[in-house]
Amino acid sequence: MSLDLKFTFTEKKDTRSGFGDGFLEAGRKNPNVVGLCADLIGSLKMGDFQKEFPERFFQTGIAEANMIGISAGLAIGGKIPFAGTFANFATGRVYDQIRQSVAYSDKNVKICASHAGLTLGEDGATHQILEDLGMMKMLPHMTVINPCDYNQTKAATLAIAEHEGPVYLRFGRPSWPIFTPADQKFEIGKAWKMIDGKDVTIFATGHLVWEAVVAEAMLRQEGIHAEVINIHTIKPLDEEAILESVKKTGCAVSAEEHQINGGLGDSIAQTLIRHNPAPLEYVGVNDSFGESGTPTQLLEKYGLNAENIVKAAKRALARK
Amino acid sequence: MEKQSIEQLQKICTQLRRDVLRMVHAVQSGHPGAPLGCAEFFVALYFDQLRHNPDFKMDGKGEDLFFLSNGHLSAGWYSVLSRSGYFPVSELKTFRKLNSRLQGHPATHEHLPGIRVASGSLGQGLSVALGVAQAKKIDKDDKLVYILMGDGELQEGQVWEAAMYAAHHKVDNLIATVDYNGQQIDGPTDKIMDLKNLKAKWEAFGWEVIETKEGNDLKSVIEGLEKAKAFTGKGKPVLNLLYTEMGYGVDFMVGTHKWHGSPPNDEQLAKALGQLEETLGDY
Ligand SMILES: Cc1ncc(C[n+]2csc(CCOP(=O)(O)OP(=O)(O)O)c2C)c(N)n1
Ligand SMILES: [Mg+2]
């Protein structure tokens with residue numbers, strides 16, 4: 001049975017390429033934009049910027065802590081550093097360096113984190129960070145962004161270059177549907193209602209926004225009308241949009257490629273519990289590490305695909 | 001384990017290279033370059049040097065232990081572990097697949113024999129190995145702790161914290177080997193972040209340094225490890241600078257960072273296997 005999707009795609013691409021292309025454009029727009037990478041220039045798609053602006057790009061070698069410190073220093077000198085590595089090494093590895101030199105010191109550093117979540121695939125759990133959103137959103141001053149496809153990642157990259165303050169930008173490795181418009185304006189902190197609905201709200205972030213779009217169509221076939229809201233900014237969270245939607249639908253699902261503990265769902269739960277306690281079901285990794293496998297296999301095994309969003313929506317509805 | 005002839009060990013090296021290539025090819029992911037370059041090291045260590053308990057029990061007491069800090073060499077390590085009896089060779093076919101014990105980077109929670117700590121995030125192994133070595137000292141266990149690190153990996157600050165600690169605490173029951181292949185992901189190490197004079201650096205940190213200049217010559221590798229062993233128990237940690245070639249054994253893979261993390265396609269695999277005779281039987 002074919003699905004009547006409200007958003008479709010003709011092309012797939014990795015979100016890290018959206019970052020790389022946005023980074024190059026940001027560099028062309030603003031000579032203060034500089035880049036750093038810890039021996040993963042190819043993986044982060046930072047090579048085009050490096051080629052065009054060699055004097056504004058710094059290879060740090062495999063030394064992430066040093067890279068964060070240097071970024072803070074470049075920011076003191078008025079530059080806008082984009083520091084790139086895998087999400088695991090961009091967060092957990094350097095948490096105290098970020099905490100003291102970037103967040104607490106309020107430095108205009110953009111931490112650019114690729115290969116986040118399970119969908120990095122075969123490299124396995126050592127590299128599949130599922131705790132980064134939690135760690136980063138806990139830091140005062142930090143803005144946390146997790147875009148959903150190539151176009152949104154590119155737009156987000158351009159937006160954070162113009163935003164003053166520390167930012168954590170999370171993206172990924174797999175080739176993924178491009179279903180949002182190329183010319184979109186990215187507003188930090190402003191949730192995007194992608195699909196109107198009345199029965200249940202699906203709040204999704206990152207790669208799982210696509211799964212939410214698919215889940216919406218599956219639910220509609222069963223007569224359930226879900227609202228889909230794209231939460232690209234985890235922090236600051238658009239509480240207004242969340243409350244407005246749940247006031248209408250009366251229940252919600254959160255969907256993220258992250259631990260349930262400390263993720264987007266947790267933030268939404270805090271908002272709901274304070275203002276409008278309503279049933280909320282989580283789609284996320286349930287207190288476990290990942291493993292090697294293909295992205296599709298892993299999303300299925302760990303309960304993160306459209307089918308699981310559908311099930312969660314039904315559980316939420318039943319609790320209304 | 002009974003000592004084997006150089007000829008026999010050489011055959012195991014060739015088989016290990018075949019295993020690595022077939023493993024990364026099968027899942028079209030993983031890291032062939034460095035394990036190809038470290039085949040002689042792995043085989044010399046596991047089939048000639050390590051005094052392992054024959055039961056492969058994992059309590060780690062009374063035997064030499066090995067740790068792989070540069071976890072992306074997993075394919076090579078899994079091959080040598082299985083070929084030396086830690087688990088069935090047939091399990092190599094599960095590498096990097098869903099529900100496998102052979103994770104992309106070494107992991108413990110699937111309980112694969114021979115693996116005692118996860119690795120993959122670089123720069124952490126030497127610290128762990130130091131703890132193991134000190135536990136052995138407390139227990140008056142006279143066996144040794146071995147560890148392999150990458151040369152690019154040495155760019156991590158933690159390695160030097162560990163280096164300082166090791167000399168200060170006279171951890172002399174440890175032999176650390178550096179895979180000195182001069183390559184890392186983005187290019188040659190001297191272009192990415194120059195390591196300069198590694199021998200002098202380690203010496204300045206208080207280590208006994210030996211150089212194995214022919215890291216892809218089995219006899220030299222064994223001699224180097226013997227020499228390193230002779231330096232243990234003398235109050236200093238021992239470093240073995242192992243000069244290797246990334247991608248060694250396959251003419252179109254050798255000496256370049258291009259094969260650090262790229263699997264061969266069908267045609268490349270066939271060509272590569274044509275240069276490596278099947279000796280012990282493919283998995
Ligand atoms: C902390 C950390 N940062 C970055 C990486 C990504 N990474 C994996 S292997 C590698 C290069 C390692 O270089 P080297 O140790 O020389 O190994 P070789 O390329 O010779 O196999 C990098 C940067 C990582 N695994 N861990
Ligand atoms: Mg190297």
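The values are calculated or read from the model by the stated rules, or taken from the named source; none is laboratory data. Just so we're clear, the structure is a prediction, and the values are computed from it rather than from any experiment. Backbone-built Cβ (ideal geometry, glycine too); neighbour counts: all protein chains shown. All accessible areas refer to the heavy atoms of the entire protein, side chains included, with ligands and DNA or RNA removed. Shrake-Rupley method; radii C 1.70, N 1.55, O 1.52, S 1.80 Å.
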Projecting the Cα atoms of B:SER90, B:GLY255, B:LEU130 onto the charge dipole of chain B, where Lys and Arg contribute +1 and Asp and Glu -1 at Cβ, the residue farthest towards the positive end is B:LEU130
Charge dipole magnitude, Cβ of K and R +1, D and E -1 - the stretch B:66-183, Cα centre, debye nearest 20 | 420 debye
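Chains B and A: how much accessible area gets covered up at their contact, both sides added, probe 1.4 Å, in Å² to the nearest hundred? Spell out each step's value before the answer.
Details: alone 11860 and 12780 Å², together 22660 Å².
Between B and A, the summed buried area is about 2000 Å².
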HN-Hα J in Hz across the stretch A:60-73 - Karplus 6.51, -1.76, 1.60, θ = phi - 60°, x for Gly and Pro = 9, x, 7, 7, 5, 4, 4, 4, 5, x, 4, 4, 4, x
Where does each of A:247-253, B:240-246 land if you order them by average Cβ count within 10 Å, highest first?
-> B:240-246, A:247-253
Ordered by number, the trypsin sites (Lys or Arg not before Pro) in the stretch B:123-208 that occupy a DSSP loop and have at most 15 other Cβ atoms within 10 Å are B:LYS140, B:LYS170, B:LYS196
Average accessible surface area per residue within the stretch A:192-318, 1.4 Å rolling probe, Å² = 36 Å²
Add +1 for every Lys or Arg and -1 for every Asp or Glu among the other residues with Cβ under 10 Å from the Cβ of A:ARG170, and state the total.
-> -2
What's the carbon and sulfur percent of chain A's accessible surface, probe 1.4 angstrom, rounded to a whole number?
-> 49 percent
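Say the cut-off is 26 Å between C-alpha atoms; which of A:LYS12/A:LYS137; A:LYS45/A:LYS79; B:LYS213/B:LYS271 go over it?
Numbers: A:LYS12/A:LYS137 29 Å; A:LYS45/A:LYS79 21 Å; B:LYS213/B:LYS271 28 Å.
From A:LYS12/A:LYS137; A:LYS45/A:LYS79; B:LYS213/B:LYS271, over 26 Å: A:LYS12/A:LYS137; B:LYS213/B:LYS271.
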Please report how far the C-alpha centroid of the stretch B:161-208 lies from that of the stretch A:135-188, rounded to the nearest whole angstrom.
-> 38 Å
When a/c is below 1.5 the answer is rounded, else prolate if a/b is larger than b/c, else oblate, so apply that to the stretch A:192-318 with a ≥ b ≥ c taken from the square roots of the Cα gyration tensor eigenvalues.
-> oblate
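My understanding is that a pair violates if its Cα-Cα distance is over 19 Å; which of B:LYS61/B:LYS236; B:LYS61/B:LYS140; B:LYS170/B:LYS234 do that in this structure? Walk me through the intermediate numbers first.
Details: B:LYS61/B:LYS236 22 Å; B:LYS61/B:LYS140 10 Å; B:LYS170/B:LYS234 9 Å.
Violating the 19 Å limit, Cα to Cα: B:LYS61/B:LYS236.
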Taking Cα centroids, how far is the stretch B:82-116 from the stretch A:201-277 in Å?
-> 39 Å
Note every residue of the stretch A:36-73 with a reduction of at least 40 square angstrom in accessible area, all protein chains present versus the isolated chain, computed with a 1.4 Å probe, or write none.
-> A:ASP39, A:GLN59, A:ILE62
Under the classification rounded if a/c is under 1.5, otherwise prolate if a/b is larger than b/c and oblate if not, where does the stretch A:12-177 fall, given a ≥ b ≥ c as square roots of the Cα gyration tensor eigenvalues?
-> rounded
When a/c is below 1.5 the answer is rounded, else prolate if a/b is larger than b/c, else oblate, so apply that to the stretch A:80-202 with a ≥ b ≥ c taken from the square roots of the Cα gyration tensor eigenvalues.
-> oblate
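Do the alpha carbons of any pairs in A:LYS190/B:LYS258; A:LYS107/A:LYS154; B:LYS11/B:LYS191; A:LYS185/A:LYS247 sit beyond 31 Å of each other, and which pairs?
Values: A:LYS190/B:LYS258 42 Å; A:LYS107/A:LYS154 22 Å; B:LYS11/B:LYS191 35 Å; A:LYS185/A:LYS247 27 Å.
Checking Cα-Cα distances, A:LYS190/B:LYS258; B:LYS11/B:LYS191 exceed 31 Å.
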Only counting protein heavy atoms at a 1.4 Å probe, give the residues of the stretch B:75-109, ordered by number, whose accessible area falls by 10 Å² or more when the other protein chains are present relative to the chain alone.
-> B:ARG96, B:LEU98, B:ASN99, B:GLN103, B:GLY104, B:HIS105, B:HIS109
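Using DSSP loop states and a limit of at most 16 other Cβ atoms within 10 Å to flag GluC sites (Glu not before Pro), what is the longest stretch of chain A containing no flagged site? Don't skip to the end; give the middle numbers.
Working: sites that count: A:GLU11, A:GLU164, A:GLU187, A:GLU222.
With a cap of 16 other Cβ atoms within 10 Å, the longest stretch comes to A:12-163.
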Compute the separation of the alpha-carbon centres of the stretch A:49-123 and the stretch B:233-283 and state it in Å as a whole number.
-> 32 Å
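Considering only the stretch A:194-320, what is the antiparallel percent among its DSSP beta bridges, to the nearest 5?
Within the stretch A:194-320, antiparallel bridges account for around 5 percent of the total.
Can you send over the carbon and sulfur percentage of the accessible area for the stretch B:133-283, probe radius 1.4 Å, protein chains only?
Working: 3370 of 6730 Å².
Carbon plus sulfur share of accessible area: 50 percent.
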